[in-house]
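Novice: Starting off with a structure, shown below.
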Amino acid sequence: AWYVPCLASLETLQELCRKENLRCKSIGITNRNLKSYEVEYLCDYKVDEGTEYYLVKWKGWPESSNTWEPLKNLKCPVLLQNFLSDQNEYLSRVKEGKALKVKNHVKALKPAVADYIVKKAKQRIALRRWKEELNRKKNHKAMILVENTVDLEGPPLDFYYINEYKPAPGINVINGITTGCECSDCPAEKCCPKEAGFLLAYNKRKKLKIQPGLPIYECNSYCRCGPDCPNRIVQKGTPYSLCIFRTNNGRGWGVKTLQKIKTNSFVMEYVGEVITSEEAERRGQLYDNQGNTYLFDLDYDSDEFTVDAARYGNVSHFVNHSCDPNLQVFNVFIDNLDLRLPRIALFSTRTIKAGEELTFDYQMKGSIDLTSDSADGLSPSRKRIRTVCKCGAVCCRGYLN
């Protein structure tokens, strides 16, 4: 049998069911709730004969079913607060940042105000659903939050969350491991890093102790050691709750930590589609015309492969560039010893406070060509227009390429 994904949202399907008086248990429309009404958001406000009314959008019902309801009938304090907050936000922006409140004598909102309130309500719902989707798909325990207090931008339309590399046809990212260490208490003399000819990357507190440029060899699925092995860090995923947020200086989306991060700690892995450098060159030319690309050269041993996180990626997709970053790139080998295909891990270079934005230098080794709408680092091998850097660091180089 063939299955085709439905392009309609759950809410659209629910609206169609209610409009046609149909029941569908799989999307939550039953005899019990077919005619039920729940406030989804508030659209408008007016005063009629001394009574305050709000225009209500009912959850699961089309906008044609919106009704004016008196304030006394509404039992949704959070939605009322959102309505008033969005209203004041719009007015303060119109008045160049001056905090304003609607005067008591106002009988109705201007169409522009109501339109903004509806757009903010829809954005709030879309971002909440996106946050729920991200947290369903992630494979680590830490939470992912989403926040936009800057503009009306919603979730990216063509981005799919993945937890590990998505290889293009013909590329094998799980290759070269047939045995593991026999350690009962890593690290030991014959542990994985030493077998590869390198030092163990982590100290007893599971913090990084090697210098940038050196590879990390973690224990793999064939190793005798258990999940608590001190040489299993990157493979467990990010341990910190992070927030994807909208920046206020034209850099698009960014990522900030919600927890304190100590120096030399693993923060996140950079993942995406693994493609050949030839394909990366072709895509790069297409991306240039769009102004968006997230190409990350895997150049630890050669320039044969590139990671493209434009459509497929994780939270690292949204991390911005800085000339004075708090994250550093390291090459990691776990279940693949192919030097052409390292995994890319980002570690903290210093203590990072809760609420601080996470950044890394797009010109670090292994991250030569990583560009986006929020920051455009360009490969020097491709002759492109120089892009102004907006990182704001004291030591800012001025350009990303």
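The values are calculated or read from the model by the stated rules, or taken from the named source; none is laboratory data. Fair warning: this is a prediction, and the values are worked out from it, not measured in the lab. Backbone-built Cβ (ideal geometry, glycine too); neighbour counts: all protein chains shown. Side chains are part of the model used for accessible areas, which takes the heavy atoms of the whole protein and leaves out ligands, DNA and RNA. Shrake-Rupley method; radii C 1.70, N 1.55, O 1.52, S 1.80 Å.
Table: residues versus (1) out of contact with any Pro (no Cβ under 8 Å at 6 or more places or on another chain); (2) surrounded by fewer than 22 Cβ atoms within 10 Å (Cβ to Cβ).
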{"position": "GLU281", "(1), (2)": "yes, yes"}
{"position": "GLN285", "(1), (2)": "yes, yes"}
{"position": "ASP299", "(1), (2)": "yes, yes"}
{"position": "VAL315", "(1), (2)": "yes, no"}
{"position": "PHE330", "(1), (2)": "no, no"}
{"position": "LEU337", "(1), (2)": "yes, yes"}
{"position": "SER348", "(1), (2)": "yes, no"}
{"position": "ILE352", "(1), (2)": "yes, no"}
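Novice: Output the residues belonging to the range 219-240 that are farther than 18 Å from THR359 by Cβ and within 26 Å of the chain's Cα centre (by Cα).
Specialist: ARG232, ILE233, VAL234, GLN235, LYS236, GLY237, PRO239
Novice: Any residue in the range 267-286 that is part of a loop (DSSP other than H, G, I, E, B), at pLDDT 90 or above and farther than 24 Å from HIS140 by Cβ?
Specialist: no
Novice: Do we find a residue being open to solvent by 80 Å² or more (accessible area, probe 1.4 Å), assigned to a helix (DSSP H, G or I), closer than 20 Å to VAL118 by Cβ and at pLDDT 85 or above anywhere in the range 31-46?
Specialist: no
Novice: Still on this model: State which residue pairs qualify: first residue outside the structural domain of GLY313 (by the TED database) and inside the range 336-347, second residue surrounded by 18 or more Cβ atoms within 10 Å (Cβ to Cβ) and of a type in the set (Asp, Glu) in any location, beta carbons under 8 Å apart, and separation of 6 or more residues or different chains.
Specialist: Nothing qualifies.
Every residue, every condition in (1) assigned to a strand (DSSP E or B); (2) more than 30 Å from VAL150 (Cβ to Cβ); (3) of a type in the set (Lys, Arg), yes or no:
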residue	(1), (2), (3)
LEU16	no, yes, no
SER26	no, yes, no
TYR54	yes, no, no
GLU69	yes, yes, no
GLU89	no, no, no
ALA114	no, no, no
GLN123	no, no, no
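Novice: Out of the residues in the range 140-197 that are within 21 Å of ASN314 (Cα to Cα) and loosely packed, with under 11 Cβ neighbours inside 10 Å, state the one that is farthest from the chain's Cα centre (by Cα).
Specialist: Residue satisfying both the conditions and the ranking: PRO169.
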